[in-house]
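These notes concern the structure reproduced below.
Please treat every number below as a calculation from the coordinates, not as lab data. Worth saying up front: this structure is predicted, and the values here are computed from it rather than measured.
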Amino acid sequence: MRPKGTKAELEARRRRAVAMLHEGRTLSEVARLVGVSPSSVFRWRAMYQRAGEEGLQAKRHPGRKPKLSARQRQRLAKLLLKGPRSHGYRTELWTLARVAEVIEEHFGVLYHPSNVWRMLRAMDWSCQKPQRRARERDEEAIQQWRRQEWPRIKKSPQRAP
């Protein structure tokens with residue numbers, strides 16, 4: 001599994017570990033200070049001895065490239081913010097299947113709903129459901145009731161004699 005951190009952070013950690021080894025610290029001590037296993041420090045030292053600074057560079061991410069580019073994801077976010085009704089749906093509820101349909105319609109890319117979920121999570125979107133509110137709801141009357149009536153009928157703690 002790939003460690004967490006940006007490419008620059010991973011490379012900096014490796015360089016810091018190699019520098020500590022050059023200072024004369026032990027593998028175990030460097031591993032503890034950097035927060036990795038001794039075998040990782042051993043591997044980094046071997047790569048440095050074999051290829052120098054280039055041996056410490058982070059490898060590219062494994063796996064397939066995303067089907068949507070960063071710019072397309074930004075455009076998708078704008079499309080989703082318009083709401084499901086603007087895309088022809090009857091309710092204000094986004095489902096993974098609906099998002100997949102919007103992606104296919106606007107970008108020509110097929111996504112399975114589970115992959116839509118992964119992409120939305122990567123975009124920092126979360127699962128939310130719109131609140132149901134009555135059409136006749138009068139916000140002003142509710143606020144007035146909360147200011148005037150609620151304090152009058154609200155129970156308060158009994159004071160000790």
Can you give me the relative contact order of the chain as a percent, contacts being Cα pairs under 8 Å and 6 or more apart?
12
Per-q log10 I(q)/I(0), the stretch 7-56, q = 0.14 Å⁻¹ (Debye; single scatterer per alpha-carbon; no solvent)
-0.27
What is the extension gain from W150 to H22, computed as 0.36 nm multiplied by their sequence separation minus the C-alpha to C-alpha distance, in nm to one decimal?
39.0 nm
If the chain between D138 and R85 were fully extended at 0.36 nm per residue, the gain over the current Cα-Cα distance would be 16.7 nm
Cα to Cα, under 16 Å, and not fewer than 8 places away if on the same chain: which aspartates and glutamates meet these conditions relative to K7?
E53, E54
For the Cα atoms of the chain, what angle does the longest principal axis make with the long axis of helix 113-122, in degrees from 0 to 90, nearest 10?
80
Proximal lysines to K82, defined as alpha-carbon separation beneath 29 angstrom and excluding residues fewer than eight positions away on the same chain
K65, K67, K129
Calculate how steeply helix 96-107 sits against the longest principal axis of the alpha-carbon atoms of the chain, using the helix alpha-carbon long axis, and give the answer as 0 to 90 degrees to the nearest 10.
70
Where the Cα pairs of the chain fall when distances are cut into 5 Å bins, in %:
1, 7, 11, 11, 8, 6, 7, 8, 9, 8, 7, 6, 5, 4, 2, 0, 0
Hey, which aspartates and glutamates would be in cross-link range of K59, C-alpha to C-alpha under 13 Å, not counting anything within fewer than 8 residues on its own chain?
E9, E11
Over the stretch 70-122, what portion of Cα pair distances is larger than 14 Å, expressed as a whole percent?
49
As I understand it, the value is the acute angle between the Cα axis of helix 38-51 and the longest principal axis of the Cα atoms of the chain; what does it come to in degrees, rounded to 10?
60
